[in-house]
Structure formats: C-alpha cells, structure tokens
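To start, the structure itself, in structure tokens.
The values are calculated or read from the model by the stated rules, or taken from the named source; none is laboratory data. Given the structure is predicted, the values throughout are model-derived calculations rather than measurements. Cβ atoms come from the backbone with ideal geometry, glycine included; neighbour counts cover every protein chain shown. Calculation scope for accessible area: heavy atoms of the full protein, side chains included, ligands and nucleic acids excluded. Shrake-Rupley method; radii C 1.70, N 1.55, O 1.52, S 1.80 Å.
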Amino acid sequence: MQAVGAIPKKKEVGIIDHPMPTLESDDHLIIKSLDVGICGTDREICTFVYGDPPKESDYLVLGHESMGEVQEVGSAVQHLKPGDLVVPSVRRPCVFDYCAPCQAGRQDFCSTGHFVERGIKMSHGFMTEYYSEQEQFLNFVPTSLRDVAVLVEPLTIVEKAMSQVWPTQSRLPWVKHKNANGGPSGKGLNAVVLGAGPVGILGAMKLKAEGFNTFVYSRSKAPNPKSELVESFGVPYISALDTPIEGLLDQVGNIDLVYEAVGVSTIAYQVLSILGLNGIYVFTGIPAPKAPIEVNADTIMRNVVLKNQVVIGTVNADQSSFISAIKDLDVFMQRWPESLKALITKRFSIEDSQSLLLDKASGIKNVISFDA
Ligand SMILES: [Zn+2]
Ligand SMILES: [Zn+2]
C-alpha cells in the first residue's frame, strides 16, 4: 500500500511502501483515506527539525488533517458503520496513570510530555491509503460536509481557543451576550485575527459567526487571493504593509480579542502592545527559534496590568473541539459555501506529495485526494 513518509536518518521524503493495516483490537476500525490536508507542520517535519517515527520504524507516515470513510469495523465498535465519513483527532494520551489531563481525556493538556501525535510524534499519520484507529478518536461527519471536512482539524484550533476564551472572559460578568443557541456571543466586541493562512481564515469565519466585529490583519499587500477570500465572507482584510499598528487601532477601536495565527513574533508582539481594555490575546503560532527581537516590554507590561488583560496559549484540541468544529463547518457551509470551498486551493494525487511538501508553499490549503 502507498503512503507518504519522511525518513529522518536519510533525510528523505516521498512515497513509501507501507503495510496494509489490520484491526488491532475489537474497538478499532479500518479507514479508507479520502482527503488529507497539507500544512506548515508537515512541511516543517520534512525539514527534519522535528517529527519522530514510531519506535520500531525508520520512517514516519505524514498527515494529521484527514477525512476518510469507514471500511471495516471491529466487533466492539458501537456507533460507526462502514460507509460513514469520519475525521480523526491527532493527539493520543500518554501511558502514565498519574497524568491527570490524559486520564481525563484531555491529552491536549498532557502534563508529562509523553503524548504521541499521529503523523507528527511517534505514531504514523493518515497520508496513506488506509489506516486503523480506535472508535473513541474518530468523529462522525455528515455527507453534506464531504467536500470540506478535511478542514475540520485546522478549524479545531480556534474551537479550542474559544473554549478557553469564554470561561476566562466570564470574569467580566456584565458581558452577557448570547447567540441563537444560548451560547456566548461576540456581539458588540471587536476581534483581530493575525494571519491569513487556513488557521487564520477559519478563525475569522468562527469569530464572525460568533458575532464579533472581526478584522484580519496580515502582511501581504491587498488585493491578493487570501484577502479576496477573507472579504468574500464580510471580514475586512487589513495589510500590515499599508496600515501600521497605530492605524489598525484607529480602524478597529478597542481590541477585545486577538487570535494570533501567524507564528511570527515581531508582528504578534506589536499587536499585543495595542490589545484593548479587558482584552484577551490568544497565541496559537509556533515560531522557529531565531535571534532575540526587541519588544516594547514596558508598554506591554503596563497595559497587561492597567487594562486587566489576559494572554493565553493553546495547542492541540480535545474531542469537544472536533465536535464543535464539525457543527461550525455546517454553519459556514450554509452562510458562506463559496468562501469555504475556496479555502481548498486544489486536490492533488499522491504522486504530487513530494513537491507539495518540499517546494515553496503556494495556495491556501492543498489537499491530497486518495479518492481517484
Ligand atoms: Zn496541520
Ligand atoms: Zn499525559
């Protein structure tokens, strides 16, 4: 069977021959891959700065953004059946029974660091014709989302972020906006999304859907394909090249929420220095280590104190974030179907994987389709 693998010892990336999976236990399923998204994490693994094969393997099968179809189910599988569409989560718990987060099913907060991640850390990923997985790590997707469900995993980043933001901002008891479902709403609040990659654009859709007055702030000069996509669902795109930080403040007003999805510390800290009164700033990007940069530390520290600000980081996502991502994808599909579909730049065959992973990045979200 064909898979796309990275071989750290040889520093090679390409199509490899990978054994066909079997049902490892009664609660396992065999999944046929349909779509697998490629992201910056995959491309970084292919530069061999991180990413670890499983212990017994020389290679790591890549891919953590998957949508597939159930092919075969073990005898103890309860809810899924052959033909169902599913999206798997990525992180698996560590083996230590004293790790309270993993024991509670919250391996996104694992306290030992010994979690594994499919396609990233010590466990093969989904960029393969078939894979096996336990039912508890698979999420059912309705067929109406067939074309876009490969975006569930990158959407879970903002879903988990908001599951941290709302409880934190309940410290402001007068903010009582409710959305149609009775959940919290961003009505009357201003949000800035930093970055216009897939994580940023999906974040902007989520914040707009939650009622925030949302803006995307990104480097590239507009118009460009990303700015056009962002504006197609009614979110203003502001280029950092045209509008310096002070100008951003004039356009947005009090910044209640920043969702950082750019992974570049210079712009991230500049925007932190203009976070508003009672604001919350969420970091999601992981910059490569570089030489120290200059930041206006006094301004930032003064503001955090005098403006009652909160700064949080978030990584990975729990199962409830996957479930809410699938629900929200359905909302986006109703409200902005063309914009949502336009996030997927192109579907490629597995033969194109090497150049997609190694050549200069292009487009917004490139997908390897196994459904040829
Ligand atoms: Zn990814
Ligand atoms: Zn753990």
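Kindly provide the set of residues from the range 343-372 that are assigned to a strand (DSSP E or B), of a type outside the set (A, V, I, L, M) and touching a residue at least 60 places away in the same chain (Cβ under 8 Å), ordered by number. Explain how you work it out, then say what you get.
Step one: of the range 343-372, the residues assigned to a strand (DSSP E or B) are 344-348, 365-369.
Right, trim to of a type outside the set (A, V, I, L, M) and you get 345-348, 365-366, 369.
Listed by number, the residues that qualify are R347, K365, N366, S369.
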The condition of being at positive phi and either without any contact (Cβ under 8 Å) to a residue 40 or more places away in the chain or not assigned by TED's automatic domain parsing to the domain that holds P198 (or both) holds, among G83, G74, only for G83
Only one of D330, D318 is modelled with pLDDT of 95 or more, crowded, with 18+ Cβ neighbours inside 10 Å, in contact with a Ser or Thr (Cβ under 9 Å, 6 or more places away or on another chain) and among the acidic types (D, E). Can you tell me which?
D318
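Name the single residue, out of those in the range 96-106 being in contact with a Ser or Thr (Cβ under 9 Å, 6 or more places away or on another chain) and open to solvent by 20 Å² or more (accessible area, probe 1.4 Å), that is farthest from ligand 1 (Cβ to nearest atom). Write out each step before concluding.
Going residue by residue through the range 96-106, those that are in contact with a Ser or Thr (Cβ under 9 Å, 6 or more places away or on another chain) are 96, 98-102.
In the following step, the residues that additionally are open to solvent by 20 Å² or more (accessible area, probe 1.4 Å) were identified as 96, 98, 100-101.
Numbers: F96: 26, Y98: 30, A100: 27, P101: 21 Å.
It comes out as Y98.
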Identify all residues within the range 1-37 that are among the hydrophobic types (A, V, I, L, M, F, W, C), surrounded by fewer than 16 Cβ atoms within 10 Å (Cβ to Cβ) and under 20 Å from F140 (Cβ atoms); write none if there are none.
L23
Specify the residue that is farthest from ligand 2 (Cβ to nearest atom); the eligible residues are those in the range 38-60 that are open to solvent by less than 40 Å² (accessible area, probe 1.4 Å) and of a type in the set (G, A, S).
S57
Residue count, the range 131-175 (criterion: under 26 Å from V95 (Cβ atoms) and outside any helix (DSSP H, G or I)):
6
Is at least one residue of the range 268-285 over 15 Å from V193 (Cβ atoms), open to solvent by less than 70 Å² (accessible area, probe 1.4 Å) and either assigned to a helix (DSSP H, G or I) or modelled with pLDDT under 95 (or both)?
no
Among the candidates G63, G125, residue that is part of a loop (DSSP other than H, G, I, E, B), in contact with an Asp or Glu (Cβ under 8 Å, 6 or more places away or on another chain), open to solvent by less than 20 Å² (accessible area, probe 1.4 Å) and away from ligand 2 (no atom under 16 Å from the Cβ):
G63
Any residue that is within 21 Å of the chain's Cα centre (by Cα), crowded, with 19+ Cβ neighbours inside 10 Å and not in a loop (DSSP other than H, G, I, E, B) - is there at least one of those in the range 178-191?
yes
In the range 160-185, anything over 24 Å from S265 (Cβ atoms), in contact with a Ser or Thr (Cβ under 8 Å, 6 or more places away or on another chain) and not hydroxyl-bearing (S, T, Y) is listed as H177, K178, N179
